[in-house]
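Working notes, structure below.
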Amino acid sequence: MRAPSVRFTNLSLLLALLVAFGTGAGAMAAGTASGRWVVIAHGVAAMMVILLVPWKSLVVRRGLRRRRPGRHASLLLAALLVITLLAGLAYTTGVARSVGGVLGMWIHVAAALTLLPFAIWHVVARRVRPRRADLSRRTVLRTAAIAAVAGGVYAALGSAVALAELPGTRRRFTGSYETGSFQPEAMPTTIWLDDAVPAVDRRDYRLVVVDAAGRRELSIADLARFGSPMHATLDCTSGWYAEQDWSGAPVSALLRGIGNARSLMVHSITGYRVRLPVDDLDGLLLATAVGGAPLTPGHGYPVRLVAPGRRGFWWVKWVDRIELQTTPWWWQSPFPLT
Ligand SMILES: Nc1nc2c(c(=O)[nH]1)N[C@H]1C(S)=C(S)[C@@H](COP(=O)(O)O)O[C@H]1N2
Ligand SMILES: [Mo]
């Protein structure tokens, strides 16, 4: 195929990157099987980016000859993009799931977030004015053809990984690898950003419950007394999941009346918090034990939220307060900020 115009290469690469970013964020949020398509779309967008790399490298070579200011930033952007792609491919195929003890998924996300400001700068600094012809039949068809080829490459890569029996074929629909199921001691302890494991004194600890009937405090014994079992899968966005048998207090059993509340705020001793829709209440557990033993400090002692069908970052550890609120659940950052 003849190399397309510089303009076409740049615009279709921009489109592929936008889709890759959107679906990447979507894939991190996906917790139920219906989220599978976002994960697949992310893989196809990645293949589209890779397919455009040879053409883009022609454009880059030409651009570098012009010695424009900012070319070092552009090269850094290119390097970050290569790292993002390699880390993503190595992790999802299972060729290299970690580098120097750091999970490949983590490197993938970190490199992608680092390149974001450079990419925005690049698009602004090397701005192209939109033209009518950018949406011409020919351009749209050509882009669709590349997307179709990308879909084919994605499917072929999946088959190759399966044929070669690489670890990547044994992933959950979210893309995560099984790690420590039914063995809580083998399950990684994960911090979203910058929390530290708090030391909790069993005698001083109280869970504050705020509901339609007011405010009250519960001790660890009050919570552990329920002993309600729940089988659920913890699936971390850093790319691992574990099935466990949790037990503790059903959230709905702790709340006396919902009133006109629209969300439940679940707050941690550390300040970490999430807001869940009241429709979720019946499925939530405040776990005091996993695998028949009390939670360890790393896994949220004394109490952590179990939110089946939601990704790990919703599963607040070291919960000290649950509060029904009239605020809608979506009134929060899409991912926690601490
Ligand atoms: N308070 C608090 N809760 C938290 C986190 C955190 O950083 N702080 N990390 C979350 C993330 S990202 C995941 S995947 C799970 C990990 O649970 P685990 O450490 O028991 O495996 O806890 C969640 N709960
Ligand atoms: Mo996580």
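Across region 319-325, in residue order, what do the Karplus-derived ³J(HN,Hα) couplings come to in whole Hz, using 6.51 cos²θ - 1.76 cosθ + 1.60 with θ = phi - 60° and x for Gly and Pro?
Working through the residues one at a time gives 5, 10, 7, 10, 9, 6, 9 Hz.
Given a 1.4 Å probe, how much area per residue of region 1-114 is accessible, in Å²? Mind showing how you got there, number by number?
Details: 6160 Å² over 114 residues.
Ligands and nucleic acids excluded, the figure is 54 Å² per residue.
Output wanted: per-residue J couplings in Hz (rounded whole) for region 221-231, from phi through Karplus 6.51 cos²θ - 1.76 cosθ + 1.60, θ = phi - 60°, x for Gly and Pro.
4, 4, 7, 5, 4, 4, x, 6, x, 8, 9
Length gain on complete extension for the stretch ARG137 to ARG65, per 0.36 nm per residue less the alpha carbon to alpha carbon distance?
Numbers: separation 72, 0.36 × 72 = 25.92 nm, distance 3.28 nm.
Taking 0.36 nm per residue and subtracting the Cα distance, the gain is 22.6 nm.
How much length would be gained if the chain were fully extended between LEU14 and ALA186, taking 0.36 nm per residue of separation minus their Cα-Cα distance, in nm to one decimal?
Working: separation 172, 0.36 × 172 = 61.92 nm, distance 4.13 nm.
Length gained between LEU14 and ALA186: 57.8 nm.
Could you give the semi-axes, largest first, of the ellipsoid that matches region 180-325, computed as the square roots of 5 times the alpha carbon gyration tensor eigenvalues and rounded to whole Å? Don't skip to the answer; put the middle values down first.
Details: eigenvalues 100, 54, 44 Å².
One finds semi-axes of 22, 16, 15 Å for region 180-325.
Pop the C-beta distance of LEU163 and ASP245 into the FRET formula with R0 = 41 Å and round what comes out to the nearest 0.05.
Values: r = 35 Å, r/R0 = 0.86.
Here the calculated transfer efficiency is 0.70.
Give the residue list of trypsin sites (Lys or Arg not before Pro) in region 220-276 that are DSSP loop and have at most 13 other beta-carbon atoms within 10 angstrom.
Working: sites: ARG225, ARG256, ARG262, ARG273, ARG275; in loops: ARG225, ARG256, ARG262.
Of the trypsin sites (Lys or Arg not before Pro), the ones in loops of region 220-276 whose Cβ has at most 13 other Cβ atoms within 10 Å are ARG225, ARG256.
If you add up the charges near ARG206, with Lys and Arg at +1 and Asp and Glu at -1, over every other residue whose beta carbon is less than 13 angstrom from its beta carbon, what do you get?
Working: positive: ARG202, ARG203, ARG215, ARG216, ARG321; negative: ASP201, ASP204, GLU217, ASP222, ASP320.
Counting the neighbours of ARG206, the net charge comes to 0.
Report, to two decimal places, the Cα Rg of region 19-98 normalised by 2.2 N^0.38 Å (N = number of residues). List each step's numbers first, then the result.
On the way: Rg = 15.4 Å, N = 80, 2.2 N^0.38 = 11.6 Å.
Scaled against compact globular proteins, the figure is 1.32.
Quick check: the angle from helix 137-163's long axis to the longest principal axis of the chain, C-alpha only, nearest 10 degrees?
For 137-163 against the chain, the angle is about 60 degrees.
Using r as the Cβ-Cβ distance of ARG127 and VAL149, and R0 as 25 Å, what FRET efficiency do you calculate, to the nearest 0.05?
Numbers: r = 28 Å, r/R0 = 1.13.
According to the calculation, E is roughly 0.30.
Averaged per residue, what accessible area in Å² does region 237-338 show with a 1.4 Å probe, protein chains only?
Details: 3780 Å² over 102 residues.
Per residue, region 237-338 has 37 Å² of solvent-accessible surface.
Carbon-plus-sulfur fraction of the accessible area of the chain, 1.4 Å probe, in percent?
Numbers: 11050 of 17670 Å².
Carbon and sulfur: 63 percent of the exposed surface of the chain.
With the Cα gyration tensor of region 266-319 giving a ≥ b ≥ c as the square roots of its eigenvalues, does the rule (a/c under 1.5 for rounded; else a/b larger than b/c for prolate; else oblate) give rounded, prolate or oblate?
Numbers: a/c = 2.12, a/b = 1.32, b/c = 1.61.
It comes out oblate by the Cα gyration axes.
If you take the square roots of the eigenvalues of the alpha-carbon gyration tensor of the chain and sort them as a ≥ b ≥ c, do you get rounded (a/c under 1.5), prolate (a/b over b/c) or oblate?
Numbers: a/c = 2.44, a/b = 2.06, b/c = 1.19.
Here the chain falls in the prolate category.
What is the Rg over Rh value, at two decimals, for region 6-175, using alpha-carbon atoms and the Kirkwood definition of Rh? Mind dumping the intermediate values first?
Details: Rg = 16.7 Å, Rh = 17.1 Å.
Radius of gyration relative to Kirkwood radius: 0.98.
So what J values fall out for region 48-64 if you push phi through Karplus, 6.51 cos²θ - 1.76 cosθ + 1.60 with θ = phi - 60°, rounded to Hz, Gly and Pro as x?
Result, rounded to whole Hz: 5, 4, 5, 4, 7, 4, x, 5, 5, 5, 5, 4, 4, 4, 4, x, 5.
The values are calculated or read from the model by the stated rules, or taken from the named source; none is laboratory data. None of these values were measured; they are calculated from a predicted model. Ideal geometry is used to build each Cβ from the backbone, glycine not excepted, and the neighbour counts take in all protein chains shown. With ligands, DNA and RNA removed, areas are computed over all heavy atoms of the protein, side chains included. Shrake-Rupley method; radii C 1.70, N 1.55, O 1.52, S 1.80 Å.
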